[in-house]
Every structure is written in C-alpha cells, then in structure tokens.
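Q: Below is a structure I'd like to ask you about.
The values are calculated or read from the model by the stated rules, or taken from the named source; none is laboratory data. Note that this is a predicted model, so its numbers are computed, not measured. Backbone-built Cβ (ideal geometry, glycine too); neighbour counts: all protein chains shown.
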Amino acid sequence: MREHNGVFDLLIIGAGPGGLACAIEAEKHDLKYLVIEKGCLVNSVFRFPTNLILFSTPDLLEIGGVPFIISTKKPTRTDLLKYYRRVTEHFDLDIHLFEKVNSIVGERGSFEVETSERYYQAKYVVVAPGQYDNPNLMGIPGENLSKVSHYYTEAHPYFERKVAVIGGKNSAITLLCKIKLVNKEKSKTISYLQ
C-alpha cells in the first residue's frame, strides 16, 4: 500500500470496471490517485449470480489494453473476477477496499472526502458506483423482511419454497427458469412479470 499524504490529483469512488479503467488512465498519466471501494474488488460483479454466463463477449469487457482470453465464447462471473484481479495486479493499482465513502464536499479543484477510515483531499473526484450494487426497491410493505432478497446467487435455497420473482427482463426470466428446475412438484413458484 502506498503512502497517502497530501492532496490527491484524483480520488476514484468505486473499484468496478469503470473505476479500474479510470485508475489505469491515472496511472498512465502519473497522477497521484486512489480508488476507494466500499466492498471487495469489482463488488458489483462479485454479487452477480454464482454461475452466471454473460451475454457480452470478452473483447467488450477488456480494460487497459489487457487481453481477456478465455476458452469459451462467453465469459462467466468467475472468468470476469479473475480478469479484473489480473488487471489490478498488472497495473499495481492503488485501491482501498472495504472503505465506505460517507461524504464528498467541495468544488472543482478542491474536494474533501470523508470515509469510514479517514479524510482525503483531492483536486478531482470520479464517482463510479456501478449499477448492480443498487437494487430497484419498490417501496412496499414487507420488502425489508429477512426472507426477501434483492439479489439472486443460485436456485438451491429456493427448493420447496414459494417464490415471487418481480421483474420482466432477461434476468428475471432466467432466474425464474432456474428456480423452477429445483422447485418442482412440492412447491409453487409465483411470478409477476412487469
């Protein structure tokens, strides 16, 4: 880990693919930068379903000119996690993981960022939070119960359970099909497709 005294040229909030790409460019231009991530490296990708096969091809997911080579046409979640770890190591990116940003105040050329660990000063801030990390909450009663999940990892926990899948895009249909495979005769799967 590098020394973090003084003012940074750039603070990057989020260590997903977008944040890593910004860090690579900062590294190439000899900027004093730091990436701050509230979870693990590429936290949003980590939260993808365990056995997910992506629709995208590897060449569209590459960053920093580092080839993303796999033996299949479509990468899996595991392939993607390995790739972004390799990219991070290749460029020796300066990243603080499991450090949550609490506030960002200031204006162009002078920002103060407070995290769960300390305060930082930076000339510029890039906020790259990702999308998968922020579920679309519906604001309905029961949404915060322990039996409700806003993320799907795999079908096994739903064996012999009543399940409601809310959503109507590819992810919802895929999830519904996978849950139906483990949820045959003894339980019912209810789906509401919007």
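Q: Counting just the residues of the range 23-52 that are among the β-branched types (Val, Ile, Thr) and under 16 Å from the mean Cα position of the chain (by Cα), which one comes out surrounded by the fewest Cβ atoms within 10 Å (Cβ to Cβ)?
A: So in the range 23-52, the residues among the β-branched types (Val, Ile, Thr) come out as 24, 35-36, 42, 45, 50.
Narrowing further to those that are under 16 Å from the mean Cα position of the chain (by Cα): 35-36, 42, 45, 50.
Numbers: Val35: 26, Ile36: 23, Val42: 24, Val45: 21, Thr50: 12.
Filtering the range 23-52 for residues that are among the β-branched types (Val, Ile, Thr) and under 16 Å from the mean Cα position of the chain (by Cα), the one surrounded by the fewest Cβ atoms within 10 Å (Cβ to Cβ) comes out as Thr50.
Q: Given (1) aromatic (Phe, Trp, Tyr); (2) in contact (Cβ under 8 Å) with a residue 24 or more places away in the chain; (3) over 18 Å from Glu27 (Cβ atoms), identify the lone condition not met by Phe68.
A: Every condition holds for Phe68 apart from (2).
Q: Something else about it: Do you know which of the residues in the range 54-95 that are surrounded by 12 or more Cβ atoms within 10 Å (Cβ to Cβ) and among the aromatic types (Phe, Trp, Tyr) is nearest to the chain's Cα centre (by Cα)?
A: It comes out as Tyr84.
Q: Among helices (runs of 4 or more DSSP H) lying entirely in the range 1-64, which contain 2 or more residues that are at pLDDT 95 or above and closer than 16 Å to Ile95 by Cβ?
A: Values: elements: 17-28, 43-46, 58-61.
Because the criterion is at least 2 residues that are at pLDDT 95 or above and closer than 16 Å to Ile95 by Cβ, the helices (runs of 4 or more DSSP H) in the range 1-64 that meet it are 17-28.
Q: Please enumerate the residues belonging to the range 112-147 that are surrounded by 11 or more Cβ atoms within 10 Å (Cβ to Cβ), under 22 Å from Gly39 (Cβ atoms) and touching a strand residue (DSSP E or B) at 6+ places or on another chain (Cβ under 9 Å).
A: Result: Val113, Glu114, Thr115, Ser116, Glu117, Tyr120, Ala122, Val125, Val126, Val127, Ala128, Pro129.
Q: Mind counting the residues in the range 149-179 that are surrounded by 12 or more Cβ atoms within 10 Å (Cβ to Cβ) and of a type in the set (Lys, Arg)?
A: 2
Q: Is it true that some residue in the range 11-27 is under 27 Å from Tyr152 (Cβ atoms), β-branched (Val, Ile, Thr), touching a strand residue (DSSP E or B) at 6+ places or on another chain (Cβ under 7 Å) and in contact (Cβ under 8 Å) with a residue 24 or more places away in the chain?
A: Yes, the range 11-27 has at least one match.
Q: Return the pair list, or none, for Cβ contacts closer than 7 Å from residues in the range 117-146 that are assigned by TED's automatic domain parsing to the domain that holds Val105 and hydroxyl-bearing (Ser, Thr, Tyr) to residues that are at pLDDT below 90 and exposed (fewer than 12 other Cβ atoms within 10 Å of the Cβ), at least 6 apart or on different chains.
A: Taking only residues 6 or more apart or on different chains, not a single pair turns up.
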